[in-house]
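Structure, as structure tokens:
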Amino acid sequence: MKFFNGRIAKRSILLFSCVLLFAASICFAKDYDQLFTEANDAMAQGDLPAAISILKKVEFEKGDDSGAFVRSRMQIARLQFALKDMNAASAAAKEVLAVYPDNSEALNFMASVQQEQKPRYKVFIEDCLRFLPQLLKGAVMTITLVVCIILISPVGGLLIALGRISTFKPVSGLCWFFIWLFRGTPLLLQLFFIYYGLPSLGITFKPFTAAILGLGLNYSAYLGEIIRGGIQSIEHGQMEAAKAIGMTYWQAMRRVIIPQTYKRLMPPIGNEFIALIKDTALVSTIAMVELMRSADQMFNAYFNVTALILAALIYLLFTTIFTFIFEKIEIRAGIYENR
Amino acid sequence: MKTANQPLLSLKGITKQFGSLTAVNGVDLDVCPGEIVVIIGPSGSGKSTLLRSINFLEEIEEGTILFEGQEIGYVTSKHGRRHLDAPHKICALRSEIGMVFQHFNLFPHMTVLGNVMEGPLTVQKKSPQEAREIAIDMLAKVGLSDKRDVYPATLSGGQKQRVAIARALAMRPKLMLFDEPTSALDPELIGEVFDTIRDLGKEGMTMIIVTHQMGFAKEMADRVIFMEKGSFVAQGTPEDFFANQMEHDRIKSFLNRIL
Ligand SMILES: Nc1ncnc2c1ncn2[C@@H]1O[C@H](COP(=O)(O)OP(=O)(O)OP(=O)(O)O)[C@@H](O)[C@H]1O
Ligand SMILES: [Mg+2]
């Protein structure tokens, strides 16, 4: 019996200690979860210092692979970062690095703390240098598009304008329909239709071709109406005088009427081209990588608003230069009106 | 069969309607080479419409136009419908008939020289040098050689009209039409334009002139025509016209009004 008791007691002690160990380990783990939950609650209530002091209770234990320690310290670091206490933030990250020198999260964090501690303008300049190459590539594409459309759309617009004022009904009707269609629907929809819609009818375009086509048709329609207004604003006597010296209708148009519209057309056409610079941003939706798309990519990759600011500045630069150029052209086009 | 006194221009039964309004009503007119015909008449009587019809700026409904004995400007289609001849033929005809407008209608975007060169250059396809020489001659003729390189906006009304005359002359027309060439001018500028027209007359240019300047009509015209409601009411030599036709009540009241 004594033997039996002795054995039982021995076994009981062993069992008990096992249970105890197991309970303790459960207890410990449970404890940390509890802490994280409490910390989350504190954060939810906006009390970041409270959350920090709760998280500090998590301690490092050798061989601990649950990640609770790293998790807590990084959380503290981020909270301190949010509270703008950079020293405390880097201290927390350093605690992690002390035990796991290669922890990439902590290393990245230290880098961004250093970044944060730099003067603002330095950060901005560094961001600029980082984003500019990509943005400039996009800007080159934007300018390419703008220049192409500036070359194409006045020609298209002139043809449409001449068609509209033609006395031959089928031609003027067709041009009316063209203008009605392209002015009456969103440019974005036109681009989508050309790039995503036409392939289902068996017509496929490269993004650049689709962009030129969409913008070109749309802007030709707008310029067509502007140019028509310009032509019709020229006094009727001009056409008669041209005819009276024996010019044909087309000679009169080319030599007398159309050259007189240049000055009148410059301001509204300038406006259209300023709008065009900004409208090219729409082609970013049909897989074109231009300025807007580049900025969007940078912004999404780095979540850094500097990319957007830079893009805005480049757009402003373009529109300013174009405004300036068009004012100059307008003055030159109207030189004969100066006494 | 050209004869010496064959009319340069011959109008037979010219009728032009705007909707229900008959602007020119069966007008007959023969103009001999070198003749100066002055047409007067109240506003709306159809004087401009008649001149414009001669230059095909208006398409007439009835009547024929003969130029140097040839019927010109209209063809009859298979269906018996009459319409203007092909554009290039009309243009060729117009370049033989010069026209000067009340409001000059100079091309404002071209210099004075450019305005005068334009016809020879674009219509007659002359070389720039040739067109330039013609233009320089014509500008000398109207006394504006010094204004060659300015734009029309800088000219006085009288100078503008003289440039317009030079522009028409540069095409070497056989007939000149003037539609109230001095009506838009200040009184002191009328003289210079009439001096230019007078010089043309001395050179033997055939002209039809619509004007309200009776002094000019008396002095220059070979024939004065009074037009009213689309028809010629009376005509004669200036002496005859102003001495005898004054008995016409309507002419008398018209002349009293404008003199
Ligand atoms: N394009 C047109 N459409 C309709 N009616 C017109 C047109 N041109 C002229 N008319 C009418 O035809 C008539 C003759 O006009 P026209 O200009 O030939 O007269 P006019 O004798 O030259 O007058 P004015 O001395 O005022 O110049 C007028 O009643 C005018 O209203
Ligand atoms: Mg008139």
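Here are some notes:
- With respect to the conditions (1) more than 13 Å from every other protein chain (Cβ to nearest Cβ); (2) within 30 Å of A:Lys263 (Cα to Cα); (3) among the polar types (S, T, N, Q), B:Thr196 falls short on a single one, namely (2).
- Apart from one condition, B:Arg82 fits all of (1) more than 12 Å from chain A (Cβ to nearest Cβ); (2) among the basic types (Lys, Arg); (3) in contact with a helix residue (DSSP H, G or I) (Cβ under 7 Å, 6 or more places away or on another chain); the exception is (3).
- Filtering B:Ile209, B:Ile165 for residues that are open to solvent by less than 10 Å² (accessible area, probe 1.4 Å), of a type in the set (A, V, I, L, M) and over 14 Å from B:His103 (Cα atoms) leaves a single hit, B:Ile209.
- Qualifying positions in the stretch A:63-87 - among the aromatic types (Phe, Trp, Tyr) and within 33 Å of the chain's Cα centre (by Cα): A:Phe81
- Exactly one residue out of A:Phe177, A:Phe205 is in a loop (DSSP other than H, G, I, E, B) and more than 14 Å from chain B (Cβ to nearest Cβ), and it is A:Phe205.
- Answer residue from the stretch B:55-100, given it is part of a loop (DSSP other than H, G, I, E, B) and of a type in the set (S, T, N, Q) and is surrounded by the most Cβ atoms within 10 Å (Cβ to Cβ) among those: B:Asn55
- Test: residue in the stretch B:38-60 that is touching a Ser or Thr at 6+ places or on another chain (Cβ under 6 Å) and more than 16 Å from ligand 2 (Cβ to nearest atom): yes
- Taking the stretch A:115-169 as the range and being more than 24 Å from A:Tyr315 (Cβ to Cβ), in a helix (DSSP H, G or I) and of a type in the set (Lys, Arg) as the test, the residues that pass are A:Lys122, A:Arg164, A:Lys169.
- If you go through the stretch B:101-134 and keep only what is away from ligand 1 (no atom under 16 Å from the Cβ) and not in a helix (DSSP H, G or I), you end up with B:Leu106, B:Phe107, B:Pro108, B:His109, B:Met110, B:Thr111, B:Gln124, B:Lys125, B:Lys126, B:Ser127.
- B:Leu177 within 16 Å of ligand 1 (Cβ to nearest atom), under 14 Å from the mean Cα position of the chain (by Cα) and within 14 Å of chain A (Cβ to nearest Cβ): yes
- Going through (1) closer than 30 Å to B:Ile97 by Cβ; (2) in contact with a Cys (Cβ under 7 Å, 6 or more places away or on another chain) one by one, A:Tyr249 falls short only on (2).
- Residue match in the stretch B:171-179 (condition: surrounded by fewer than 23 Cβ atoms within 10 Å (Cβ to Cβ), within 21 Å of B:Ser48 (Cβ to Cβ) and acidic (Asp, Glu)): yes
- Criterion: open to solvent by less than 50 Å² (accessible area, probe 1.4 Å), at pLDDT below 95, touching an Asp or Glu at 6+ places or on another chain (Cβ under 8 Å) and within 16 Å of ligand 1 (Cβ to nearest atom) - qualifying residue of B:Pro7, B:Pro42: B:Pro42
- Exclusive hit being over 19 Å from A:Phe81 (Cβ atoms) and touching a residue at least 24 places away in the same chain (Cβ under 8 Å), set A:Pro154, A:Pro133: A:Pro154
- Pairs linking a residue in the stretch B:233-259 that is farther than 23 Å from B:Gly26 by Cβ to a residue that is open to solvent by 60 Å² or more (accessible area, probe 1.4 Å) and outside any loop (DSSP other than H, G, I, E, B), with Cβ atoms under 7 Å and 6 or more positions apart or on different chains, are B:Pro238/B:Lys218; B:Phe242/B:Lys218; B:Met246/B:Lys252.
- Listed by position, the helices (runs of 4 or more DSSP H) contained in the stretch A:219-288 that have at least 2 residues being under 30 Å from B:Ser95 (Cα atoms) and touching a residue at least 12 places away in the same chain (Cβ under 8 Å) are A:236-244, A:258-279.
The values are calculated or read from the model by the stated rules, or taken from the named source; none is laboratory data. Small disclaimer: the values here were computed from a predicted structure and weren't measured. For neighbour counting, all protein chains shown are included, and Cβ atoms are generated from backbone atoms with ideal geometry for every residue, glycine included. Surface areas here come from the heavy atoms of the whole protein model, side chains and all, with no ligands, DNA or RNA. Shrake-Rupley method; radii C 1.70, N 1.55, O 1.52, S 1.80 Å.
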